[in-house]
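Working notes for the structure below.
The values are calculated or read from the model by the stated rules, or taken from the named source; none is laboratory data. This is a predicted model, so every value here is computed, not measured. Here the Cβ positions follow ideal geometry from the backbone for every residue, glycine too, while neighbour counts run over all protein chains shown.
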Amino acid sequence: MTNRERMTAAVLYGKEDVRIEEVVIPAIRPGEVRLRVGAALTCGTDVKVFRRGYHAKMIKPPAVFGHEFAGVIEAIGAGVSAWRIGQRVVAANSAPCGECFYCTRDLPQLCEDLLFLNGSYAETITIPARIVAKNMYALPDSLPFEHAALTEPLACVVRGMEEVPIQRGETVIVLGTGPIGLMFIRLCAEAGARVLAVGRRTERLRIAQRFGATETFDARETPDIVEALKARTEGKRGADKVIEAVGTPAAWETAIAMARKAATVSLFGGCPANTAVNVDTHRIHYEELTLKGTFHHTPSAFSKALKLIADGTVPAEPFLQHRALLQELPDILASFAQGTMPAIKVVVVPPQRA
């Protein structure tokens, strides 16, 4: 077997068990393309999967890991005519079938056969035919790979904004200043909202200000965060919109508590399975609160997100504070899991092939 038939990759085996190994490069099938990975990014979802050892929908070990990436086409399968070798592209980590109950009702994110893709922590990644056809996009020559790789998380935020539209002049509270929270802050500010941001790290709160937050609050230093935030809203009633981007039941309850009558609360952060929250039914009914869950992204949202990155509406650099070689990935994921990694995201650079 020749060297070109194998590659270096990060393989998830189970709970906190990621190994850098030589794996076989799969043969390319009709409709597929193979990319040489230009850059891959760490992701909060990857850290959750690293801790748990699996993801019921997205990855079952042992499997090559990672899903935020961009690269260059190096091989094309039979029947692919819209793409050429050497093109710089970004591909989503999923594509809907277009034919099931939910797809035919314009809910592709809930597709009953939603095809997920992992494998970007590697020298190459093979893009399935469905994603090639429905959710892969050419990059402007000026857009770096690591910037383009932010398209996937931003696409989720774009969908969140579509589901909970923000009106100019509204007061919006964003809970969480991780990558998702910061992206929400940026897009809410762009929509003309007055944004109050809540986080736990000084540097990220500074980025929130840079991204347009009117005021920032350190949750560690604010004894009663609900009352402190409500005090900064009109008449101390609470926010017009609240976006939860933390992903814990406690944060969900906090978000609901910060909302005024007739407000909409975006419960965006995914909580662990089999968890629950306490909700005051009186408030839901008599105050006409709307609670909205939002999952994943769509091809339309992915396309819009790429444009927002390419035109600079969402600056990429503040997210990309550290670069590392693929061989360092297990230690990097462990640092994220332990809460000792200061970077928002890490750009993972694969080995260069001869």
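Taken over the range 157-180, residues that are under 19 Å from Ala250 (Cβ atoms) and in contact with a Lys or Arg (Cβ under 8 Å, 6 or more places away or on another chain) amount to 3.
Residue-by-condition table, conditions (1) closer than 24 Å to Val47 by Cα; (2) at pLDDT 95 or above; (3) touching a helix residue (DSSP H, G or I) at 6+ places or on another chain (Cβ under 8 Å); (4) of a type in the set (Val, Ile, Thr):
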| site | (1), (2), (3), (4) |
| --- | --- |
| Glu244 | yes, yes, yes, no |
| Ala273 | yes, no, no, no |
| Val277 | yes, yes, yes, yes |
| Tyr286 | no, yes, no, no |
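When restricted to residues that are of a type outside the set (A, V, I, L, M), over 17 Å from the mean Cα position of the chain (by Cα) and more than 19 Å from Ser94 (Cβ to Cβ), the range 132-172 contains 10. The residues in the range 75-98 that are more than 15 Å from Leu139 (Cα to Cα) and touching a residue at least 12 places away in the same chain (Cβ under 8 Å) can be counted, and the count is 12.
So is Gly66 modelled with pLDDT of 95 or more, out of contact with any strand residue (DSSP E or B) (no Cβ under 9 Å at 6 or more places or on another chain) and at positive phi or not? Considered against the rule, which asks whether it is modelled with pLDDT of 95 or more, out of contact with any strand residue (DSSP E or B) (no Cβ under 9 Å at 6 or more places or on another chain) and at positive phi, Gly66 comes out as no. Candidates Thr45, Thr126: the one that is among the β-branched types (Val, Ile, Thr), at pLDDT below 95, outside any loop (DSSP other than H, G, I, E, B) and out of contact with any helix residue (DSSP H, G or I) (no Cβ under 6 Å at 6 or more places or on another chain) is Thr45. Of the residues making up the range 285-335, those that are surrounded by fewer than 19 Cβ atoms within 10 Å (Cβ to Cβ), farther than 29 Å from Pro140 by Cβ and among the aliphatic types (A, V, I, L, M) number 2. Taking the range 266-354 as the region of interest, the strands (runs of 3 or more DSSP E) fully inside it that hold 1 or more residues being within 19 Å of Ala148 (Cα to Cα) are 320-325, 345-349. For the range 24-31, check the following and say yes or no: at least one residue is buried (at least 21 other Cβ atoms within 10 Å of the Cβ), in the same structural domain as Tyr121 (by TED's automatic domain parsing) and in contact with a strand residue (DSSP E or B) (Cβ under 8 Å, 6 or more places away or on another chain). No.
Within the range 51-110, if we keep just the residues that are among the polar types (S, T, N, Q) and closer than 20 Å to Thr294 by Cβ, the residue that is farthest from the chain's Cα centre (by Cα) turns out to be Gln109. Exactly one residue out of Glu112, Glu99 is within 30 Å of Glu16 (Cα to Cα), assigned by TED's automatic domain parsing to the domain that holds Ala337, surrounded by fewer than 18 Cβ atoms within 10 Å (Cβ to Cβ) and of a type in the set (Asp, Glu): that is Glu112. If I go through the range 246-269 residue by residue, how many of them are out of contact with any Ser or Thr (no Cβ under 7 Å at 6 or more places or on another chain) and among the polar types (S, T, N, Q)? Selection size over the range 246-269: 2.
Residues in the range 23-42 that are assigned to a strand (DSSP E or B) and of a type in the set (Asp, Glu): none. Pairing each residue of the range 55-67 that is more than 11 Å from Val18 (Cα to Cα) with any residue that is surrounded by fewer than 22 Cβ atoms within 10 Å (Cβ to Cβ) and at pLDDT below 95, provided the two are 6+ apart or on different chains, yields C-beta distances under 6 Å for Lys60/Tyr54.
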